[in-house]
Structure formats: C-alpha cells, structure tokens
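Asker: To start, I am sharing the structure in question, which I have written as structure tokens.
The values are calculated or read from the model by the stated rules, or taken from the named source; none is laboratory data. Note that this is a predicted model, so its numbers are computed, not measured. Accessible surface areas use protein heavy atoms only, side chains included; no ligands, DNA or RNA. Shrake-Rupley method; radii C 1.70, N 1.55, O 1.52, S 1.80 Å.
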Amino acid sequence: MTRPIPLPRAGHVCASLGLLLALAVGAPAQAAPEKAAIFGIELFDPGVVGGRKARPDETRRLVLVTEELRKALAEAVEPIDVAPQAAEIAKQAPLYKCDGCAASIAKTLGADLAISGYVEKGSNQIFNLTVTIADAATGKIVRGGRVVIRADTDDTWAHAMRWVVKNRLLAEPLPNRS
C-alpha cells in the first residue's frame, strides 16, 4: 500500500514560493538607513513664566542625553549634521513649541526624519523626558516616547534616554523599514 505524500499547508507554500523567488531573482539589498536630523534635547521648566536658560548642570545633562540618543539610534538611522541650520534652530527654539519647525529644518538639511525632544522639569527630583520622530517631508509624528526620570543624576538621565529609545522609539521597526 502506498502512502500519500503530505502536501504543505497554504502558508508554507507561500513562504516557500517567496524564498524560491528571492533566491531566483536575488534578494534585494537592504535599504540604506534613513537620514535623520537629531536635534539637541531641550529643557522645559513650566514653573518659570517666560522660560529660563538651563543651569550649567542641566546644560551638561542635556548634552549627555542628546549624545545617548545619537548613540542609541546609531544603527537605526544615519545622523546628519544640523550645524548648517544652527541660526534657524536658535531662532525657532525651543523646538518643542514651534509647531513642527523641526521637520522643516530637517527637510532643509536633506533629512528623512526629524528627531527632537525635551526634558520637562516637574520638581528638583522628577523630570519627564519626551522624544519624537517626525517625517521631515510631512511633519507627521511617526514615533514618540516619554519616560519619567525620578532622580537628578547623570546616570538616571542617561538610563532614561536609553530606555525610551529601546522601549518606545525602536520597539518596532521605524516606518518604511523592514
């Protein structure tokens, strides 16, 4: 007695056909990372009417978290230099209040994405870190994340940035990426 040959299920057939086509035609090369204008993280202190300049320790931490953001996104995007638009960035600052100007500045720089953020001071020991990724062409927010920082130290600020990138910004691939 001859046994019937089991046929693969429909899902397996599609997967097999896809693999065969990729092998026959040659798998497409992985797309180059999108270019991203990564702007400096800013300070928002709602307790001060009209705003204020960041203190030296806050300025140092803002630079620290901006660098953490750049390092954490290094494999996901190709950062571009925002220095050529420094005057426009200073004119529009703070970017978290300028209603999408970060995207238009990023577009001017030839970037696909605009990445910006701010630290909102709630008290001397509690801060909110917010980071957004916007499509430079449309200004539409494509990804964002927020985390609470519960101590005012370099380590807690850096850890918060790594956490928001890993668990919010890159939890899934960015749009238009595999």
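Asker: So for region 39-110, Kirkwood radius off the Cα pairs, Stokes-Einstein at 10 °C and 1.306 mPa s: how many µm² s⁻¹?
Answerer: So the translational diffusion coefficient is about 117 µm²/s.
Asker: Still on this structure, I have one more. With a probe of 1.4 Å, find how much accessible area region 92-150 has per residue, and write the answer as a whole number in Å².
Answerer: So region 92-150 comes to 46 Å² accessible per residue, rounded to a whole number.
Asker: Can you pull the percent of region 57-145's accessible area that's carbon plus sulfur, 1.4 Å probe, other chains left in place?
Answerer: So the carbon and sulfur contribution to the accessible surface is 51 percent.
Asker: Size of region 36-178 along its principal axes in angstrom, Cα-based, largest extent first?
Answerer: So the extents along the principal axes, rounded to whole Å, are 39, 32, 21.
Asker: Here is a further query. For a quick check: with amide H placed at 1.01 Å from N, whose amide H comes under 5 Å from Glu78's, ignoring anything fewer than 5 positions away on the same chain?
Answerer: Close amide H contacts, sequence-distant or interchain: Glu34, Lys35, Ala36.
Asker: Distances over 15 Å make up what percent of all Cα-Cα pairs in region 108-178?
Answerer: 56 percent
Asker: Could I ask something else about it? At 0.890 mPa s and 25 °C, plugging the Kirkwood radius over alpha-carbon pairs of region 33-72 into Stokes-Einstein gives what diffusion coefficient in µm²/s?
Answerer: 211 µm²/s
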